[in-house]
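Encoded as structure tokens, the structure appears first; notes follow it.
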Amino acid sequence: MRPILLSGHERSLTQIRFNRDGDLLFSVAKDKIVCAWWSANGERLGTYNGHQGAVWTVDVSPNTVLLATGSADNTVRLWNIKTGECVKVWDFPTAVKRVAFSPDGSQLLAVTEKRMGFLGTIAVLDINYGDGQLGGLDQQADEPALRITCNDSKATVAGWSFLAKYIIAGHEDGSVSQYDPKSGEQLANVQVHEFDHQINDIQFSPDRTYFLTASKDKSAKLLSARDLNILKTYPSDTPLNSASITPKKEYVILGGGQAAMDVTTTSARQGKFEARFYHKVFEDEIGRVRGHFGPLNTIDVHPAGTAYASGGEDGYVRIHHFDKSYFDFMYEVEREQMRK
Amino acid sequence: MAPSFEQLSEQDLHEEEEEEIDFSDLKAQFEVKADEGLDTFVVIDGLPVVPEDSRQKLIKFLLRKLSAVGHTSEDAVFMPLNDKGMSEGFAFVEYETPEQAVAAVKQLHGVPLDKKHTLAVNKLMDIERYGREGRVDEEYQAPTVEQFKEKEHLRSWMGDANARDQFALYRNDKVGVFWNNKSNPPENVVDRAHWTQLFVQWSPKGTFLASVHPQGVQLWGGSSFSKQKQFPHPFVQLIEFSPLEGYLTTWSARPIQVEEGQPVLTFEEDGKNIIVWDIESGKPLRSFVSHDLAAGPAAEGDVAPKKKVQWPAFKWSADEKYVARMLQGQSISIYELPKMNLLGRTSVKIEGVNDFEWSPATVSREGVKQYEQLLCFWTPEIGSNPARVAMMSVPSKEIVRTRNLFNVSDVKLHWQSQGAYVCVKVDRHSKSKKSMATNLEIFRVREKGVPVEVVDSLKDTVINFAWEPNGHRFVLITTGETPTGAAVPPKTAVSFFAPEKKGGAGGNFKLVRTIEKKTSNGIYWSPKGRFVIVATVHSQSNFDLDFWDMDFEGEKVEAEKDLAANLQLMKTVEHYGVTDVEWDPTGRYVVTSASVWTHSMENGWNLHTFSGNTLSENPTEKFKQFIWRPRPPTFLSKEEQKQVRKNLREYSKEFDEEDKFAVDIANTAVVEKRKRVLSEWVAWLRREKEIQAEEKDAFGLPEDADSPKQARDAPIGGEEQGETVVEEMVEEIIEETEEVIG
């Protein structure tokens, strides 16, 4: 599994996303630049310039027309993917830590930081795709359709469940909440991870009925979107920054590593900067992929399940296309199931 | 159930509560008033009744006895007279301190004054307390004898069907006891939070697990690890069991302060640091003030002598009948158990004595019939007298062998585990005191006259030495000159020694092999001998563990033909940050661990077989301590053991089958579990899908409600589904020529 090394950023990566077709990969880092890459060969397609601060988050609309980014310059920007122009800027009082399109692309949520007397919020924005010929993309509503305020513990990450029925948010205190995206009402809040161990990532399964959380408490958990029941737990030996569910094969990929501030006090062999593969159903660790020389900050899997990419504190993005053995590997029990 | 010490008994609980509220001001104000100063008074009864004029005579006579236990004077004795001018047969005596008063009660009560009169001494306060009417029940009430309760079998763990071993694991705030299950996860027996405050320790035969608390030491045992014994030594820091588990020594840097009402400790223990306890009764036998150990002999005095704790302060003889303590440079005091009286009423004066060691086993020297225990000690050069190593026989206190040594800078005494040899490691300096060398002088204790063999001198300093348990071989590690303050760990050399083959163990000790350019510093013999691990521990950069076999069953190197050893390196294992190596008591497994007490990187423990195959790795956060539960000595006679060894093949066949069976069962269990988990998962997915479909219907949403909006409204790019144009550019180098122009 030879990786393609993408070195287009000068600072540590914050998030990477494949588009729905899997041919493009978008990466954002603390260096204010948004990059678009061909996932097949790692060629850089272009950059989206305009942010004034570290870019924390990126998401692609399901139809690969619009790109949303959230940044430490307190804005969410909407870009025309094809032309690279910025079609809309929303201003927020604080930095934006996570953006996510709803499954059908009609809405965008933005998680804002708690700072300077402002509470953390989740804002929901309506997205207009114009006339379908890439015209009128700049006609977006100025005000969010909804604002959810997190009174207790600020939200760090959030995403949409199936049918955009719920907004699922992970919190700083290690809990996960379920909100109604229409009323903004909190439907449930479950202390999933250890108390005060921040949830660093939430990623959904392809059908969005369940999702995976990655937490500082060194574990990742698979939860049902409907009732927030913990379905599976994947324990590891290092704080986790990102976790992703692989389509096609029943795996999950976890990434993390010794917190960046602690790394200097330990040797490189100790950093645990590996992507870890677990079997999604059996919760066993199957393998590790090394390569980064800093903690893994973000992981995303190709929607077809043929590749995954990881972005690290070291400033590199590594795209790995899976080998045949990856697809062949199967537990005896699974094989039996297949034969039936 | 948090089995912390404070919940151990009512009384302890009470203390704890009181500590929380500071009512010392109230105490000062109210409490003492009534009895102030009265605790220095004693009342003496049983005196002869005398007329006034002979009163002074009696007092003087009495004073002789009274002064034996403390300071008092004629004025402080008050003997009241009645109307008839006769004394009443009692007197009040005031001592200087309450301690003296207590001592008087203890020592003078019941002492005969003459043929007719016997003293009855009580504290005045006690008489106040109990002497008044109604304070004590008139009728005798028999003390209630507590119902006999069957105690747990203290050696129940020995009855394990698979002869597994137990270990105690201390990590974070929790201490647990587990069964070793080879490569499978260990099976938990008990796991308790805050079980100990400092550390845990097994007794030498594994009967008790000791936990150490600020209030004292608590012993646990039996199958459920229930409370067994309690030794309330406040702020205890170090503990040591006697070899047969009969006694316990505890030490604290803080002198004990005995408070009134303490049921176990008496004024006897006040101000002491060390207590020797009888484990059976839970009572202190005797207590001592600890001697401070000055570092290094005074002659070397370039380093300021530091105060060091001499530990173990008391060293036990193998049969537990004697315990000895050294006053550095002066004497060795030998105490006889179980009374803890000084053997022969005096300490053995040995000028300059620097260190001593008991023989770890009861030895019988050739030609010596009476029962004896041996101890070895050494004294440095004093004036023109040479340094001396000597062996003393106890109880006769006879010196049975001495050896004079010159140019000695330090000596270490190493007994072989059966007491067959003592290796005296002598660090010698040249006349100029510049270069150092080490000599090994081996006393053959069992042979007639205790001959001494000198193993050829080693040029380098020996930093570690270890005898093979129950064997005749040893391993040592030497190091060359190390530049002080160098960041690089010093290079060391590991040398293996074995006796020549000459019928039994009679041959001289010869070097088998030296392995140069190592960094090793630790030697860990298997408790059964033969296998030894030479490791680099407590190092920042090296973590190698070499597993050696001393009786390799393969081809032997020609040069080592006539030595009773066949050395073979079986395996080298690395364990990052290793700090400790612990063999299980059977010598089958060995655990290497990295404790948070030394550093905080990658703490945890790894389990290996004796040959270095790693069975499991257990990274554990805040891992502190791993200790195997020792086993008591076997009941099998030597012949029976031989028999077992002879038939090992047959037994092992049985065990192999058992193992295979266990693996099969485990595998089936795993497969079954996976099947179950998988089918549950599939069922969950199906159910979820159904619910989702229902919801879509309910909302009146189309099947593809989740698909991209734009794709539905006006798909862009690659409009024709299923037909995609892939443009591929292929560059090929057809020819390459190189021309030189000009």
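For the reader, a short list of remarks on this structure follows.
- Less than 5 angstrom separates the built amide H of residue B:618 from those of B:605, B:606, B:607, all sequence-distant by 5 or more or on a different chain.
- When +1 charges are put on Lys and Arg Cβ atoms and -1 charges on Asp and Glu Cβ atoms, the dipole computed for region A:36-109 relative to its Cα centre reaches about 60 debye.
- Taking other residues whose beta carbon is less than 11 angstrom from the beta carbon of residue B:82, and scoring Lys, Arg as +1 and Asp, Glu as -1, yields -2.
- Over all pairs of different C-alpha atoms, chain B has a mean inverse distance whose reciprocal, the Kirkwood radius, equals 32.7 Å.
- Cα coordinate range in region A:3-339, projected on the principal axes (Å, largest first): 54, 50, 43
- Whole-Å semi-axes of region A:95-250's equivalent ellipsoid (Cα gyration tensor): 27, 19, 13
- HN-Hα J in Hz across region B:562-573 - Karplus 6.51, -1.76, 1.60, θ = phi - 60°, x for Gly and Pro: 9, 9, 7, 6, 9, 7, 8, 7, 7, 6, 10, 10
- Estimated 222 nm signal from helices in chain A, with DSSP H stretches of n ≥ 4 weighted -39500 (n - 2.57), rounded to 500: -1000 deg cm²/dmol
- For chain B, the longest principal axis of the alpha carbon atoms and the long axis of helix B:55-66 meet at an angle near 20°.
- Here the relative contact order of chain B, from alpha carbon pairs under 8 Å that lie six or more residues apart, stands at 6 percent.
- When you restrict to C-alpha pairs under 8 Å that are six or more residues apart and normalise by the size of chain A, the relative contact order lands at 13 percent.
- Gaussian network model of chain A, Cα within-10 Å springs - most flexible of A:74, A:297, A:49: A:49
- Cα lying deepest toward the dipole's positive end in the protein assembly as shown, options B:224, B:590, A:213, charges on Cβ: B:590
- Each stretch of four or more DSSP H residues adds -39500 (n - 2.57); spread over every residue of chain B, this sum gives -4500 deg cm²/dmol at 222 nm.
- Against chain B, whose longest principal axis is taken from its Cα atoms, helix B:98-108 shows a tilt of about 70°.
- Between amide H atoms placed 1.01 Å from N, distances below 5 Å from residue A:307 occur with A:302, A:322, all of them 5 or more places distant or on a separate chain.
- Estimated vicinal HN-Hα couplings, Hz - region A:208-220 in sequence order (Karplus 6.51, -1.76, 1.60; Gly, Pro = x): 6, 8, 9, 9, 10, 10, 10, 10, 5, 6, 6, 9, 10
- Legend: mean number of C-beta atoms from other chains within 10 angstrom of residue C-beta atoms, peptide A:195-208, equals 1.
- With θ taken as phi - 60° and the Karplus curve 6.51 cos²θ - 1.76 cosθ + 1.60 applied, the whole-hertz 3J(HN,Hα) list for region B:159-170 is x, 4, 4, 9, 6, 6, 9, 9, 9, 9, 10, 10 Hz, x standing for glycine and proline.
- Positive contributions from Lys and Arg (+1) and negative ones from Asp and Glu (-1), summed over other residues with Cβ under 14 Å from the Cβ of residue B:550, come out at +1.
- Test item: B:670-681 mean partner chain Cβ contacts at 10 Å: 4
- Helix axis angle, B:648-699 relative to chain B longest principal axis, alpha carbon, degrees: 70
- Proximal lysines relative to residue B:510, as straight alpha-carbon distance under 17 Å, when same-chain residues fewer than 8 apart are discounted: B:425, B:459, B:501, B:502, B:556, B:561
- Lys, Arg +1 and Asp, Glu -1 on Cβ, resulting dipole of the protein assembly as shown about Cα centre, debye, nearest 20: 4460
- Distant-in-sequence amide H partners of residue B:120 (H built 1.01 Å from N, under 5 Å): B:45, B:46, B:110
- Dipole magnitude of region B:38-130 about its Cα centre (Cβ charges: Lys, Arg +1; Asp, Glu -1), debye to nearest 20: 460
- With 21 Å as the limit, the listed pairs A:216/B:689; B:227/B:528; B:151/B:227 have A:216/B:689; B:227/B:528 beyond it between alpha carbons.
- Per-bin percent of Cα-Cα distances, the protein assembly as shown [10 Å]: 2, 8, 13, 15, 14, 12, 12, 10, 7, 4, 2, 1, 0, 0, 0, 0
- Considering only B:80, B:66, B:124, and ranking their Cα positions along the charge dipole of region B:62-153 that arises from unit charges at the beta-carbon of Lys, Arg, Asp and Glu, the one farthest toward the positive end is B:66.
- Of the residues A:46, A:257, A:135, the one that moves most in a GNM of chain A with alpha-carbon contacts below 10 Å is A:135.
Read the figures in this text as sums done on the coordinates, not as results from a lab. Quantities reported herein were computed from a predicted structural model and do not represent experimental measurements. Quick reminder, even Gly has a Cβ in these numbers, built from the backbone with ideal geometry, and neighbours come from all protein chains shown.
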